[in-house]
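**Q** Once you've had a glance at the structure underneath, I'll fire off some questions.
The values are calculated or read from the model by the stated rules, or taken from the named source; none is laboratory data. The model shown is predicted, which means the values in this text are computed figures rather than measured ones. All Cβ positions, glycine included, derive from the backbone under ideal geometry; neighbour counts span all protein chains shown.
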Amino acid sequence: MTPVRISLVTLGSLKQPVDVRFLSHWGSEILTIRHGDSVAHLQDSEGDEWSYTDRQLERLLAPATEAEITLGLINAPLEDNFYLRRLPKNVVVLSLHEMAEIVQYENFSLETFILRIGYELAVLFKAEGRIPATGEYSWTHDDIRGCLFDMCSSKGDIVFSLHRPCLCDICRARVLQKCVDIKLLPQLHKELRRIHKTLFYRLTDWIKIHPILTLMLTTLLAFAVNLASSVVFEKAKRAWPWLG
Ligand SMILES: [Zn+2]
């Protein structure tokens, strides 16, 4: 299976660091992410509420020649306050405006967010052979199913498809109708399982859901440690009587 190549282009200051090295080392048979060009200084926005319009972004971001998809990263509002705008020629712009705070508040990293969007775009590209522009047609559904194609009309809904996202049954059926590689869906399932919170935050979430059980386990653990230390001490006393 040939991976979809995504060229990541930073547009202006992102205000927060993005670990592009982590993204470019992400092992995948479905997509590869490489750092493309950067636009150091952005001109002022032309849209309402300091937003960047699609027309402005089209002028700003040229399609990369060495990649199937060009993904621009920006920290500014986009047209209609969307966080993702799909432009012609397989150019897409992802806004971290408000999204960075939403994602990090729920203890996800920006890299997890970018990867999740990367998989959404890669599946769309593999199924359609291109990225349809925003407003042309869309695969997204209003219902929130933890699916790559959840609409997320409320920006906060993104968190439901950041921890081990999936393809819902309807989207799977839609992909299967297209002439995609037979290995795509099993491989996608395998790779999406690797998109999750870090172990520390998974444990924190588990503790929040099971506070009583956590308390009981902590008490049992303390008791076991106490018992084990008593046994060790008794044995040590027998070996070295001067200890007692
Ligand atoms: Zn779906």
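**Q** Would it be correct to say that R145 is part of a loop (DSSP other than H, G, I, E, B), away from the ligand (no atom under 16 Å from the Cβ), within 19 Å of the chain's Cα centre (by Cα) and under 28 Å from V91 (Cβ atoms)?
**A** No; evaluated as a whole, the condition is false for this residue.
**Q** Something else now. Within the stretch 1-30, restricting attention to residues that are touching a helix residue (DSSP H, G or I) at 6+ places or on another chain (Cβ under 9 Å) and part of a helix (DSSP H, G or I), which residue is farthest from L96 (Cα to Cα)?
**A** Once the filter is applied, the top-ranked residue is F22.
**Q** Among C171, C179, C152, C166, which is farther than 25 Å from N81 by Cβ, surrounded by 14 or more Cβ atoms within 10 Å (Cβ to Cβ) and not polar (S, T, N, Q)?
**A** C166
**Q** For the stretch 39-51, state whether one or more residues are assigned to a strand (DSSP E or B), more than 26 Å from S138 (Cα to Cα) and assigned by TED's automatic domain parsing to the domain that holds D150.
**A** Taking the stretch 39-51 first, the residues assigned to a strand (DSSP E or B) are 39.
Of the ones still in play, those that are also more than 26 Å from S138 (Cα to Cα) are 39.
Narrowing the set further to residues that are assigned by TED's automatic domain parsing to the domain that holds D150 leaves 39.
Scanning the stretch 39-51 turns up at least one residue that is assigned to a strand (DSSP E or B), more than 26 Å from S138 (Cα to Cα) and assigned by TED's automatic domain parsing to the domain that holds D150.
**Q** Same structure, new question: Could you check, for the stretch 31-38, whether at least one of its residues is among the small types (G, A, S), over 22 Å from E98 (Cα atoms) and at pLDDT 95 or above?
**A** So the first thing to find is which residues in the stretch 31-38 are among the small types (G, A, S), and the list is 36, 38.
Now narrow it down to the ones that are over 22 Å from E98 (Cα atoms): 36.
Checking the rest, the ones that are also at pLDDT 95 or above come to none.
The answer is no; no qualifying residue exists.
**Q** Further question: With respect to P165, determine if the residue is touching a Lys or Arg at 6+ places or on another chain (Cβ under 8 Å) and away from the ligand (no atom under 12 Å from the Cβ).
**A** No: the conditions fail for P165.
**Q** I've got another one for you. Could you list, in sequence order, the residues of the stretch 15-32 that are crowded, with 16+ Cβ neighbours inside 10 Å, farther than 16 Å from K190 by Cβ and hydrophobic (A, V, I, L, M, F, W, C)? Walk me through it before giving the result.
**A** Filtering the stretch 15-32 down to residues crowded, with 16+ Cβ neighbours inside 10 Å leaves 18, 20, 23, 26, 28, 30-32.
After this cut, where a residue has to be farther than 16 Å from K190 by Cβ as well, the list is 18, 20, 23, 32.
Across the stretch 15-32, the qualifying residues are V18, V20, L23.
**Q** On the basis of being touching a helix residue (DSSP H, G or I) at 6+ places or on another chain (Cβ under 6 Å), more than 20 Å from V103 (Cα to Cα) and either outside any helix (DSSP H, G or I) or basic (K, R) (or both), does V180 make the cut?
**A** yes
Each row is one residue, and each column tells you yes or no for (1) in contact with a helix residue (DSSP H, G or I) (Cβ under 7 Å, 6 or more places away or on another chain); (2) surrounded by fewer than 14 Cβ atoms within 10 Å (Cβ to Cβ); (3) of a type outside the set (A, V, I, L, M, F, W, C).
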residue: S51; (1), (2), (3): yes, no, yes
residue: L57; (1), (2), (3): no, no, no
residue: I74; (1), (2), (3): no, no, no
residue: A100; (1), (2), (3): yes, no, no
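**Q** In addition: Checking the condition farther than 19 Å from I69 by Cβ, free of Cβ contacts under 8 Å to residues at least 40 places away in the same chain and either in a helix (DSSP H, G or I) or away from the ligand (no atom under 16 Å from the Cβ) (or both), which residue from L124, L203 passes?
**A** Numbers: L124 fails: farther than 19 Å from I69 by Cβ.
Unique residue meeting the criteria: L203.
**Q** Let me ask something additional. Please verify whether the stretch 207-225 includes one or more residues that are on the phi > 0 side of the Ramachandran plot and either surrounded by 10 or more Cβ atoms within 10 Å (Cβ to Cβ) or assigned by TED's automatic domain parsing to the domain that holds Y105 (or both).
**A** Filtering the stretch 207-225 down to residues on the phi > 0 side of the Ramachandran plot leaves none.
For the stretch 207-225, residues on the phi > 0 side of the Ramachandran plot and either surrounded by 10 or more Cβ atoms within 10 Å (Cβ to Cβ) or assigned by TED's automatic domain parsing to the domain that holds Y105 (or both): absent.
**Q** Moving to a separate point now. When you scan the stretch 38-61, do you find a residue that is touching a Ser or Thr at 6+ places or on another chain (Cβ under 8 Å), farther than 25 Å from G156 by Cα and free of Cβ contacts under 8 Å to residues at least 24 places away in the same chain, even just one?
**A** Scanning the stretch 38-61 turns up at least one residue that is touching a Ser or Thr at 6+ places or on another chain (Cβ under 8 Å), farther than 25 Å from G156 by Cα and free of Cβ contacts under 8 Å to residues at least 24 places away in the same chain.
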